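What follows is one structure encoded as structure tokens, with my remarks underneath.
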Amino acid sequence: MKILPSLLALLVVTPTLFAETLKINGSTTVNLPAAEAAEILRVEQKMDIQIDTQGGSSGGISMLGDGLIQIGMASKPVSDDDRAKFPKVKFDEIHVGQDAVAIIVSKDVWDSGVHALTKQQIQEIYESKITNWKDVGAKKSIRIAFFNKEPGRGTWEVFAHWVYGDPKKAPQVSFPEVGGNEETRNKVSSTRGALSQLSSSWADGKKVFALGIKGDDGKVVDPTNENIANKSYPLSRPLFLLTNGEPTGAARTFVDFMLSDRGQELVKKHGYMRLKDLGK
Amino acid sequence: MTRALSWFFSFVALGAVTLLVGVFVWQSLPVWHHEGWHYITGTKWFFRQKEFGTLPMIYGTVIVALIALVLAAPLGFGAAIFTAEYLPRRVRLAVKVLIELLAGVPSVVYGLLGILLLRDWIYNLFEKFEPLSGDTLLTAGVLLAVMILPTIVTLSDDALRGVSSAQRRAARGLGLTHAETVLSIALPQAKRGLGAALLLALGRALGETIAVFLVVGRQDNNLPEHVFSLRAWLDAGQTITSKLGGSETNIAYGDHVHWGAMVGLALLLLIMTGTVTLLGTGFGKRSDA
Amino acid sequence: MRKSLDFLLAAVTAFCALVAVALLVGLVAVIAQRGGPAVNWGFLTEQIRLVGAAGGIFWNLVGTLILLSSALTVCLPLAIGLALVERVWLQREGPRRLLRTLLYTLNGVPGIVFGIFGFVVFVQWCGWGKSWLSGGLVLALMIIPTVAVSLMERLKAVPKKYVEAAAGLGLNRAQIVWAVLLPQAWGGVVTGSLLGLARAAGEVAPIMFTATIFAGATLPKGIKESPVLSLPYHIFILAQDSFDPSVGSKLWGAALVLLALVLFLSVIALPSRLKLHEEANV
């Protein structure tokens, strides 16, 4: 029993060796390559980097705004509202990759013949005007089980932006909510008639299936890398590192690493598009 | 010196508790201002539109806890009667120790099992009622039932053992069978203690966060037309705790009304669990006397 | 008829007990079976790599231990103070009962409520951000009732004649506390602490907003902005976000280690609790 307090005392007095701890928080989507980059930098550069994913993209933006972290991770652009909320903070968006939001369904829906939806159909599903897959071309009657991404997630914002032009114009709906990407994939794959929004890199085509988007001309655009790169797939989104003004010090090192060839390989490894793939 | 230190530390502890209650009352003021009683009676929670009605969450919290209690109580009482009335003392202690050990299984572990096993079981078992998914109020209730089972067993066992053995012997002497002794002497004598066991278990069920969060579905504004509609148990829902554990807690800070609404939820939870715990300990106390 | 009722009650209650034990044992078995393969020496001594898909849980384990030891350090004086006030210094039954009731109520406060409280007071007002100390303080508050009540029970059980003998020797109250009461009842502090720590070790809700992050924290280097990793939060996050299937087995491994830690704490509290049981039943 006596050991514990002395251990504690030891911890408290351990001198500060590294003054600069780099704190990063935000989107779980950006987290994957960023966390791995942090692991490399910790070993190679002896940097002290802490990464967390609380509150998703919005968590990253608001914590950067509050000055709690030096780098935010976001899978959506910083909105004017965000900027208005933190007038003193100069949000600097550093584009490190591109991802697409896929509209994903469970296997039974895919097998029943639904492989694409129009924007109109998706909107009506979101507003509960369509509640059965049969109404959008399925061979049999399956109820639609919609899992909505929870508020603050970049995925949801991108989705709402595409359907309604502005997330704030999205109507009031209440669906079961999902948070993380694995949670989404897990729940969709184990539920009949399931539909959700998910980072396309997670749509493996085995457990969950990404629907194509049917345009007005009847042409179907799938979320393939090519379609994301040439912007014909509409639900694509940039992945950002956010800093307050030009990044300096440790933040600079981190950002530079993410933009380097090795950092970009990590982006690719986790299924996202590199800047190079976008023609940048 | 010893006396002064004791008092000093006690006051620090009591001060912290007072601060806790004070913080929740004070920080939630904006939402009471904004919504008034509508905060409790309102049925819609849309934070982007600054609309904060908590009734569906209160419903979710209560229903989930009641499901847990209804499922765990008979099983727990049965098990407690067996350990207290039938098992020899050594074996009884062993069983009790085992059950108490398992009361310590962390809730995140229960949550993991809930995601992996229970969701799918419930989904398949109730297939003909067409639940939209395996995330339902019932799933959360069943998971909670397992979690509070040890509490009910061990407290009920204590209550039954608290009934004096002289009374038992007298009853047997009058020619009552073992079962009759249990049912007509031990159970009625222990009823306050049994009630306390239920209330304390209910308190735990109301406040459980992580396990519920992972399986309840977190669907806002789901309030059935009839409060006791059983079908609604197979819909996803939201409890006070699953809301507090979710992403809104991070988003809300900085916005007075929204944050007030989140803290207000914690205050409601504090009042609910506080009431139940107080009733429970009050119940238990008088049975000793 | 009466005979069959006798049999029926025995059978039904035995069945209930069997189900209860089987449920709980089965649960541990599932965790052990799924997590077992992942747990080895490297798992305990390496840090997380590849976002949980490789490496181990060393810093999560360390973080949990830091939270627990700081919680205990803060909790002990407060809990002992409260127990002594209740048993020794308060003379009237009214205030004593009030104090006890308060402790029971505090014991029933949900973990998430402590979490929000800690977030407001330590993270925001004190400006610590996420810090091991916020987590330690919040957990300390949470386990005070367990330790205090456990000590109170032991103090109650100290034979009157010891106290009388000490008073006969001319010891004053404070001296009796140090010479007789605390040494005699120390087991209560140990038991209560172990049980309290067992509870604190597994909680996510109190620390998720106050103390722990997902990756990158090692030993804290101060108070401000010094989060730690922890086992339960690690499991909670990976349960929702795990990209790689190999995270799966690591996840169960982490659950198994957490379970083992909690059960270990409860088991070493056992002997002294059993002693109390035996005494109570004599």
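Among the DSSP beta bridges whose two residues both lie in the protein assembly as shown, what percent are antiparallel, rounded to the nearest 5? Could the numbers behind the result be given before it?
Details: 30 of 48 bridges.
If we restrict to bridges inside the protein assembly as shown, about 60 percent are antiparallel.
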Problem set entry | Exposed-loop-free span, longest in chain B, where chymotrypsin sites (Phe, Trp or Tyr not before Pro) count as exposed if DSSP calls them loop and at most 11 other C-beta atoms lie within 10 Å | B:38-227
Exercise. Excluding ligands and nucleic acids, what accessible area in Å² is computed for B:Asp120 using a 1.4 Å probe, to the nearest 10?
Worked result: 50 Å²
For this session: Rounded, prolate or oblate: pick one for chain A, where a ≥ b ≥ c are the square roots of the eigenvalues of its C-alpha gyration tensor, a/c under 1.5 means rounded, and failing that, prolate if a/b is larger than b/c, else oblate.
Result: prolate
Problem set entry | By accessible area with a 1.4 Å probe, ligands and nucleic acids excluded, highest first: order of A:Arg262, A:Arg42 | A:Arg262, A:Arg42
For this session: Please work out the C-alpha center-to-center distance from the stretch C:9-66 to the stretch B:158-202 and express it in whole Å.
Result: 37 Å
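With a sphere of radius 12 Å drawn around the Cβ of A:Ser79, what net charge do the other residues whose Cβ falls strictly inside it have (Lys, Arg +1; Asp, Glu -1)?
-2
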Exercise. Counting pairs of alpha carbon atoms under 8 Å apart in space and at least six apart in sequence, what relative contact order in percent does chain B give?
Worked result: 28 percent
Exercise. Sorted by packing (mean other beta-carbon atoms within 10 Å per residue), highest first, where do A:48-61, A:247-260 land?
Worked result: A:48-61, A:247-260
Problem set entry | Prolate/oblate/rounded call for the stretch B:1-96, Cα gyration tensor, a/c under 1.5 rounded | oblate
Exercise. Peptide C:2-11: average number of partner chain Cβ atoms within 10 Å per residue?
Worked result: 4
Seminar exercise, completed: Taking placed amide H atoms and a strict 5 Å upper bound, the residues 5 or more places from A:Val208 or on another chain that come that close are none
Problem set entry | Residue list for the stretch C:31-69, given a label point 7 angstrom along the Cα-to-Cβ vector of C:Ser249 and an amide N cut-off under 16 Å | C:31-44, C:49, C:52-57
Exercise. How about the stretch C:180-247: which trypsin sites (Lys or Arg not before Pro) there lie in a loop by DSSP and see at most 13 other Cβ atoms within 10 Å?
Worked result: C:Lys224
Problem set entry | Whole-Hz couplings from phi, Karplus 6.51/-1.76/1.60, listed for the stretch C:252-262; x for Gly and Pro | 5, x, 4, 4, 5, 5, 4, 4, 4, 4, 5
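For the stretch A:100-229, what is the relative contact order in percent, using Cα pairs closer than 8 Å and at least 6 residues apart in sequence?
Working: 222 pairs, mean separation 53.1, N = 130.
For the stretch A:100-229, the relative contact order is 41 percent.
Express as a percent, rounded to the nearest 5, the fraction of DSSP beta bridges in the stretch A:100-229 (both residues included) that run antiparallel.
Of those bridges, close to 60 percent are antiparallel.
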For this session: Run the numbers on chain C and let me know its relative contact order in percent, using alpha-carbon pairs under 8 Å that are six or more apart.
Result: 27 percent
Exercise. Along the stretch C:106-113, what does the Karplus equation 6.51 cos²θ - 1.76 cosθ + 1.60 (θ = phi - 60°) give for ³J(HN,Hα), rounded to whole Hz, x for Gly and Pro?
Worked result: 4, 5, x, 6, x, x, 5, 5
For this session: Would you compute, from DSSP H runs of 4+ residues alone, the mean residue ellipticity of chain A at 222 nm, taking -39500 (n - 2.57) per run and dividing by the full residue count, rounded to the nearest 500?
Result: -10500 deg cm²/dmol
Exercise. Rounded to the nearest 10 Å², what accessible area does A:Met63 show when all protein chains are kept and the probe is 1.4 Å?
Worked result: 40 Å²
Exercise. The stretch B:69-129: which GluC sites (Glu not before Pro) are DSSP loop and have at most 16 other beta-carbon atoms within 10 angstrom?
Worked result: none
For this session: Kindly point out which whole DSSP H helices in chain B project their C-alpha atoms 30 angstrom or further along the helix axis while averaging a Kyte-Doolittle hydropathy of 0.5 or above.
Result: B:2-35, B:55-81, B:137-161, B:256-288
Seminar exercise, completed: Rounded to the nearest 0.05, FRET efficiency between B:Trp7 and A:Thr248 (Cβ-Cβ, R0 51 Å) equals 0.50
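Starting with the highest mean, order C:183-194, C:227-238, A:204-215, B:261-272 by the number of other Cβ atoms within 10 Å, averaged over the residues of each peptide. Could the numbers behind the result be given before it?
Working: C:183-194: 20.9, C:227-238: 28.0, A:204-215: 17.9, B:261-272: 24.1.
By packing density, highest mean first, the sequence is C:227-238, B:261-272, C:183-194, A:204-215.
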Seminar exercise, completed: With -39,500 (n - 2.57) per DSSP H segment of 4 or more residues and division by the full residue count of chain B, the 222 nm estimate, nearest 500 deg cm²/dmol, is -22000 deg cm²/dmol
Problem set entry | Prolate/oblate/rounded label for the stretch C:39-280 (Cα gyration tensor, a/c 1.5) | prolate
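Please list, by residue number, every one of the trypsin sites (Lys or Arg not before Pro) in the stretch A:93-138 that is coil in DSSP and has at most 11 other beta-carbon atoms within 10 Å.
Passing both the DSSP loop test and the Cβ count: A:Lys129.
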For this session: Please average, across the residues of B:217-226, the number of beta carbons from any other chain that are within 10 Å of each residue's own beta carbon, and give a whole number.
Result: 4
For this session: Using amide H atoms built 1.01 Å from N in the peptide plane, name the residues 5+ places from A:Thr118, or on other chains, whose amide H lies under 5 Å from its own.
Result: A:Lys214
Problem set entry | Total accessible area lost when B and C pair, probe 1.4 Å, Å² to nearest 100 | 6900 Å²
Exercise. Ranked from the most accessible area to the least, with a 1.4 Å probe and all protein chains present, what is the order of B:His256, A:His95?
Worked result: B:His256, A:His95
Problem set entry | C-alpha center-to-center spacing [the stretch B:7-56, the stretch B:98-155] in angstrom | 29 Å
Problem set entry | Gap separating the Cα centres of the stretch A:62-89 and the stretch A:135-189, nearest whole Å | 24 Å
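For an R0 of 45 angstrom, estimate the FRET efficiency from the Cβ-Cβ distance between B:Val21 and A:Lys139 and round to the nearest 0.05.
The value I calculate is 0.15.
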Exercise. Residues of A:37-46, mean number of Cβ from any other protein chain within 10 Å of their own Cβ, rounded to a whole number?
Worked result: 2
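Which value at 222 nm does chain C reach when only helices count, each DSSP H run of 4 or more adding -39,500 (n - 2.57), with the total divided by all residues and rounded to the nearest 500 deg cm²/dmol?
-23500 deg cm²/dmol, from helical runs alone.
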Seminar exercise, completed: With label points set 7 Å from each Cα along the Cα-to-Cβ direction at A:Gln172 and B:Phe129, the distance between them in nm comes to 2.8 nm
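Tell me the net charge near A:Asp135. Cut-off is 14 Å between Cβ atoms, A:Asp135 excluded, with +1 for each Lys or Arg and -1 for each Asp or Glu.
+3
The values are calculated or read from the model by the stated rules, or taken from the named source; none is laboratory data. Everything numeric in this text was worked out from a predicted model, so none of it was measured. Neighbour counts are summed over all protein chains in view; Cβ atoms, including those assigned to glycine, are modelled from backbone coordinates with ideal geometry. For the accessible areas, the whole protein counts, side chains as well, though only heavy atoms, and no ligand, DNA or RNA atoms are used. Shrake-Rupley method; radii C 1.70, N 1.55, O 1.52, S 1.80 Å.
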